[in-house]
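Read through the structure below, which is laid out as structure tokens, and then see the notes.
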Ligand code: SF4
């Protein structure tokens, strides 16, 4: 539920203990002032430049990024004296006095269309508003809508969620819902953002999923050393115990290693079961039939669950169109100095996330995204896949040429990650990533084995056991497709971007 205030208000957006010390400093300063200043804890609106302090009086808000405790206390003092602290602000916006959502619509602090993200950075993250929908009705609605999973770490990734829900509901055993909040792709912030800023919305989606399959428990997998996120999850779990009239699921927090590989949904289950060697499991059967401790298990990311909550809460929103290939919106993390996560309708082009920033090429779709010069591809999963790009919700934009980036370096670094982080269980990924990395290095010695590289990328993509190997081939495959002239130039001893020492 969105909340608003017309009192002079300071919102401190944070998701770490360091941010909490800023909140406490603001509260001490407010307590020492004569004016009636409210200080609220919120999550990020989309930016990583936390703690972010939003100081509001009478429909005017000044935003200050990366604030320390002393600066926070000074901002509160200015507000208590009757002013809005605009000096040194990163942004100052005028808005409706009773605004229920983060009010910035342009620039580096904006976050796109703000539908799934509505309220992020402005409302209490732990506010709980569980839809009253019955589980069977929710499953039917999501099936008709064709809502797809969102993101690496979701057992449905880009596929419709309803099929897996039916399998879990009908399978033998006690179903369970696992929220994969490991936030394990270093290029993607969407899951962390949702768990930290709209914890209640994510767990409302998990509650809907639990009802649909008849699960009594929800396990939220978080990385180590995330006390603030864990605290918010537990607070929502406690609130769900009290508010969900039809005996809602119990919510627990489990800590798991957070690497790109260990976030693979079946690898996460291995980790949650306490196994020493973490590998992806063979499928079929998928986790929806044989998952955590052999129980039917839904594994979804916070991005998927927030989309579920929205789909059953506001089914008449125009972007939730059952005729669309990918109904709803997608979160896209724009990787760069003003790193932020924006929300795009799935028919909007990726370039909208850049808001005018320069880019001559980009890596789209996370750690194992695809390299492209075409940023007009729509943000929907089918469109991104059709263009050979990744769907894991990120875009790292590069400027080629002097002082910029080289696509051969980008592809090589990501192939090296595949080589270093794969679990070693299957040959196409284990051996393929090593050979692909070696052959890319050979390019710098004048040898460009293009046919062999293409064959390796194809084999990894088609025959790897899990999504890691299939996705890990993408930077190489797209470099060969769109940047072959750059590869040939390197083999001839020349880096067109002027980056590589040849
Ligand atoms: S594709 Fe890679 S990560 Fe997945 S099982 Fe095979 S070796 Fe492991």
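The values are calculated or read from the model by the stated rules, or taken from the named source; none is laboratory data. Source: prediction; values computed, not measured. We place every Cβ from the backbone using ideal geometry, glycine too, and count neighbours over all the protein chains shown.
Restricting segment 101-140 to residues that are touching a helix residue (DSSP H, G or I) at 6+ places or on another chain (Cβ under 6 Å) and part of a helix (DSSP H, G or I), the residue that is nearest to residue 474 (Cα to Cα) is 139.
Condition check: under 29 Å from residue 227 (Cβ atoms) and assigned to a loop (DSSP other than H, G, I, E, B). Does residue 15 satisfy that? Considered against the rule, which asks whether it is under 29 Å from residue 227 (Cβ atoms) and assigned to a loop (DSSP other than H, G, I, E, B), residue 15 comes out as yes. Looking at 481, 438, just one residue is more than 26 Å from the chain's Cα centre (by Cα) and closer than 21 Å to residue 392 by Cβ, and that residue is 481. When residue 319 is tested against (1) surrounded by fewer than 24 Cβ atoms within 10 Å (Cβ to Cβ); (2) outside the structural domain of residue 456 (by TED's automatic domain parsing); (3) more than 18 Å from the chain's Cα centre (by Cα); (4) more than 30 Å from residue 134 (Cα to Cα), only condition (4) is not met.
Is at least one residue of segment 354-371 surrounded by fewer than 21 Cβ atoms within 10 Å (Cβ to Cβ) and not in a loop (DSSP other than H, G, I, E, B)? Yes; the residues of segment 354-371 include at least one that is surrounded by fewer than 21 Cβ atoms within 10 Å (Cβ to Cβ) and not in a loop (DSSP other than H, G, I, E, B). The condition (being at pLDDT 95 or above, within 16 Å of the ligand (Cβ to nearest atom) and surrounded by 24 or more Cβ atoms within 10 Å (Cβ to Cβ)) is satisfied by just one residue among 308, 299, 332: 299.
Going by the conditions given, is residue 175 touching a strand residue (DSSP E or B) at 6+ places or on another chain (Cβ under 9 Å), modelled with pLDDT of 95 or more and outside the structural domain of residue 261 (by TED's automatic domain parsing)? Against the criterion (touching a strand residue (DSSP E or B) at 6+ places or on another chain (Cβ under 9 Å), modelled with pLDDT of 95 or more and outside the structural domain of residue 261 (by TED's automatic domain parsing)), residue 175 does not qualify. Taken over segment 453-466, the criterion of being surrounded by fewer than 24 Cβ atoms within 10 Å (Cβ to Cβ) and near the ligand (Cβ under 7 Å from one of its atoms) is satisfied by 465, 466. I'd like to check something: does segment 155-165 contain any residue that is more than 21 Å from residue 294 (Cβ to Cβ) and part of a helix (DSSP H, G or I)? Yes, that holds for at least one residue. Restricting segment 391-415 to residues that are within 16 Å of the ligand (Cβ to nearest atom) and assigned by TED's automatic domain parsing to the domain that holds residue 472, which is nearest to residue 371 (Cα to Cα)? For segment 391-415, the residue satisfying everything is 414. From the list 284, 327, the lone residue that is at pLDDT 95 or above and either more than 16 Å from the ligand (Cβ to nearest atom) or part of a loop (DSSP other than H, G, I, E, B) (or both) is 327. Evaluated against (1) without any contact (Cβ under 8 Å) to a residue 60 or more places away in the chain; (2) over 18 Å from the mean Cα position of the chain (by Cα), residue 133 falls short on exactly one condition, (1). For segment 416-451, a residue qualifies if it is in a loop (DSSP other than H, G, I, E, B) and either modelled with pLDDT under 95 or more than 14 Å from the ligand (Cβ to nearest atom) (or both), and the qualifying residues are 444, 445, 446, 447, 448, 449. Within segment 229-249, none of the residues are part of a strand (DSSP E or B), modelled with pLDDT of 95 or more and at negative phi. For segment 467-501, filtered to residues that are without any contact (Cβ under 8 Å) to a residue 40 or more places away in the chain and part of a loop (DSSP other than H, G, I, E, B), the residue that is farthest from the ligand (Cβ to nearest atom) is 494. Note on segment 31-50: among residues that are within 21 Å of residue 83 (Cα to Cα) and in a loop (DSSP other than H, G, I, E, B), the one that is modelled with the lowest pLDDT is 34.
Residue-by-condition table, conditions (1) surrounded by fewer than 24 Cβ atoms within 10 Å (Cβ to Cβ); (2) more than 12 Å from the chain's Cα centre (by Cα):
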{"residue": "174", "(1), (2)": "yes, yes"}
{"residue": "177", "(1), (2)": "no, yes"}
{"residue": "183", "(1), (2)": "no, no"}
{"residue": "193", "(1), (2)": "no, no"}
{"residue": "209", "(1), (2)": "no, yes"}
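Can you say whether residue 324 is farther than 26 Å from residue 127 by Cα, in the same structural domain as residue 164 (by TED's automatic domain parsing), touching a residue at least 24 places away in the same chain (Cβ under 8 Å) and surrounded by fewer than 24 Cβ atoms within 10 Å (Cβ to Cβ), as far as the supplied structure shows? Considered against the rule, which asks whether it is farther than 26 Å from residue 127 by Cα, in the same structural domain as residue 164 (by TED's automatic domain parsing), touching a residue at least 24 places away in the same chain (Cβ under 8 Å) and surrounded by fewer than 24 Cβ atoms within 10 Å (Cβ to Cβ), residue 324 comes out as no. Candidates are the residues of segment 50-74 that are closer than 19 Å to residue 107 by Cβ and touching a residue at least 60 places away in the same chain (Cβ under 8 Å); the one that is surrounded by the most Cβ atoms within 10 Å (Cβ to Cβ) is 52.
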